[in-house]
Amino acid sequence: MQAPSPSLRNQLRHIVGLLARLCSLPMLGVLFICVIFVHPDWALEQGQFAWLLIILYGGRLLTGRGSISIQGDSLRRIVP
């Protein structure tokens with residue numbers, strides 16, 4: 001069996017990056033609803049874990065699968 005062509009690998013990486021972004025949308029929605037509507041009286045200290053998750057999932061939404069993923073790390077080892 002032949003290895004996939006580089007163009008197919010790149011297409012798969014783009015798809016994985018898009019799916020990683022799409023997976024963060026439901027979590028962000030739930031977190032925003034909880035912070036804004038369910039617990040509007042929380043101070044920053046009381047909701048700091050929710051805000052941390054919002055920042056993490058928001059970063060995932062902006063960056064996709066990231067360069068420190070397993071595939072990104074193995075690609076840096078092969079191609080300097």
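The values are calculated or read from the model by the stated rules, or taken from the named source; none is laboratory data. Values in this document were obtained by computation on a predicted structure and should not be read as measured data. For neighbour counting, all protein chains shown are included, and Cβ atoms are generated from backbone atoms with ideal geometry for every residue, glycine included.
If you scan segment 22-64, which residues turn out to be of a type in the set (S, T, N, Q), surrounded by fewer than 16 Cβ atoms within 10 Å (Cβ to Cβ) and within 26 Å of residue 11 (Cα to Cα)?
63
Six or more apart or on different chains, Cβ atoms under 8 Å: show the pairs whose first residue is in segment 15-35 and more than 16 Å from residue 49 (Cα to Cα) and whose second is at pLDDT 90 or above and part of a helix (DSSP H, G or I).
Taking only residues 6 or more apart or on different chains, not a single pair turns up.
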